[in-house]
1. Among the residues of the stretch 57-79, what is the count of those that are among the polar types (S, T, N, Q) and open to solvent by less than 50 Å² (accessible area, probe 1.4 Å)?
2. Tally the residues that are surrounded by 13 or more Cβ atoms within 10 Å (Cβ to Cβ), part of a helix (DSSP H, G or I) and not acidic (Asp, Glu), restricting the search to the stretch 80-100.
3. Quick test of your reading of the structure: Glu209 fulfils all but one of (1) open to solvent by less than 70 Å² (accessible area, probe 1.4 Å); (2) at pLDDT 85 or above; (3) among the charged types (D, E, K, R). Name the failing condition by number.
4. Given the criterion farther than 23 Å from Pro66 by Cα, open to solvent by less than 60 Å² (accessible area, probe 1.4 Å) and of a type outside the set (Phe, Trp, Tyr), identify the matching residue among Ala141, Ala176, Ala145.
5. Identify, by number, the condition in (1) open to solvent by 80 Å² or more (accessible area, probe 1.4 Å); (2) over 26 Å from Val226 (Cβ atoms) that Leu159 doesn't meet.
6. Search the stretch 124-144 for residues that are among the aliphatic types (A, V, I, L, M) and pair each with any residue that is surrounded by 10 or more Cβ atoms within 10 Å (Cβ to Cβ) when their beta-carbon atoms are under 7 Å apart and the residues are at least 6 apart or on different chains.
7. Given the conditions (1) in a helix (DSSP H, G or I); (2) surrounded by fewer than 10 Cβ atoms within 10 Å (Cβ to Cβ); (3) modelled with pLDDT under 85, and given that Arg130 satisfies all but one, which numbered condition is not satisfied?
8. Filter the stretch 113-127 down to the residues that are of a type in the set (A, V, I, L, M) and open to solvent by 90 Å² or more (accessible area, probe 1.4 Å) and list them by number.
Amino acid sequence: MAENKEESVGESVVEKKVEEFHHDDSSSSDSDNEKSKPSSSSVKSKICRLFGREKPVHTVLGGGKPADIFLWRNKKISAGVLGGATAIWVLFDLMEYHLLALVCHCLILSLAILFLWSNATTFINKSPPRIPEVSIPEDVAVSFALSLRYEINRGFAVLRDIASGRDLKKFLMVIAGLWVLSIVGSCCNFLTLFYIAFVTLHTLPVLYEKYEDKVDSFAEKAMTKVKKNYATFNAKCLSKIPRGPLKKKHQ
């Protein structure tokens with residue numbers, strides 16, 4: 001009896017050891033499989049974002065209410081803004097209504113309504129309408145003027161840097177962009193061009209945010225091909241163009 005008990009105890013101990021060994025083996029294999037599988041976050045981090053973007057699209061657009069409108073966070077407000085822009089374009093471009101005439105007619109109508117309402121209150125014994133005082137704060141006007149001045153000066157600095165002949169690639173890109181813009185401008189007037197740009201800004205960001213991984217991977221492949229073609233063009237043509245010596249900047 002004692003020998004049988006000892007044999008059963010020994011067999012149970014061996015079985016436990018075998019089970020622990022299999023459990024450790026399976027857990028280690030599972031961990032190896034998990035390590036071998038790349039996570040979705042690591043795959044996304046390997047994708048080069050468009051224009052070297054590191055922040056979310058909402059932050060790139062400035063955040064706040066304007067970014068919410070462009071990304072259709074509130075569909076009613078975004079649809080209202082797009083509908084208002086469409087109404088303005090139809091009114092001024094298709095119906096050929098003039099801006100100065102519209103402003104004058106709106107002022108005439110509003111002043112006539114307020115004037116009649118103010119005089120009619122004396123006969124119907126009601127309080128006159130409260131017309132608010134509208135004034136532009138000084139700090140808002142000064143900050144807007146300073147920011148506009150900064151952007152204009154930066155634009156002049158960029159144009160001066162391009163015209164100095166230091167960066168041939170940037171020069172060719174600007175010339176090509178202006179040439180395309182001139183072709184588009186010759187096909188339509190300024191208001192239509194502004195409306196097309198507004199609709200593009202109102203639709204492309206939300207579509208890009210929805211399909212950003214596919215767009216970024218495609219853009220990465222396209223930029224690689226463009227860089228290869230530019231390198232070939234630079235080696236065959238641009239590098240053979242004689243250039244004058246560049247003046248050193250005085251510190």
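1. Of all residues in the stretch 57-79, those among the polar types (S, T, N, Q) come to 59, 74, 78.
Checking which are open to solvent by less than 50 Å² (accessible area, probe 1.4 Å) leaves us with 78.
Qualifying residue count for the region: 1.
2. Restricting attention to the stretch 80-100, the residues satisfying the condition of being surrounded by 13 or more Cβ atoms within 10 Å (Cβ to Cβ) are 81-82, 85-86, 88-89, 91-93, 97.
Still in the list and also part of a helix (DSSP H, G or I): 81-82, 85-86, 88-89, 91-93.
If we keep only those that are not acidic (Asp, Glu) as well, we get 81-82, 85-86, 88-89, 91-92.
The total comes to 8.
3. Every listed condition holds for Glu209 apart from (2).
4. Numbers: Ala141 fails: farther than 23 Å from Pro66 by Cα; Ala145 fails: farther than 23 Å from Pro66 by Cα.
Being farther than 23 Å from Pro66 by Cα, open to solvent by less than 60 Å² (accessible area, probe 1.4 Å) and of a type outside the set (Phe, Trp, Tyr) holds for just one of Ala141, Ala176, Ala145, which is Ala176.
5. (2)
6. Hits for this filter: Ile131/Leu114.
7. (1)
8. Here is the first cut: in the stretch 113-127, the ones of a type in the set (A, V, I, L, M) are 113-114, 116, 120, 124.
Residues satisfying the conditions are Ile113, Leu116, Ile124.
The values are calculated or read from the model by the stated rules, or taken from the named source; none is laboratory data. As the structure is a computational prediction, the values presented were derived from the model and not from experiment. Virtual Cβ from ideal backbone geometry, glycine too; neighbours counted across all protein chains shown. Areas reflect the complete protein model, heavy atoms only, side chains present, ligands, DNA and RNA absent. Shrake-Rupley method; radii C 1.70, N 1.55, O 1.52, S 1.80 Å.
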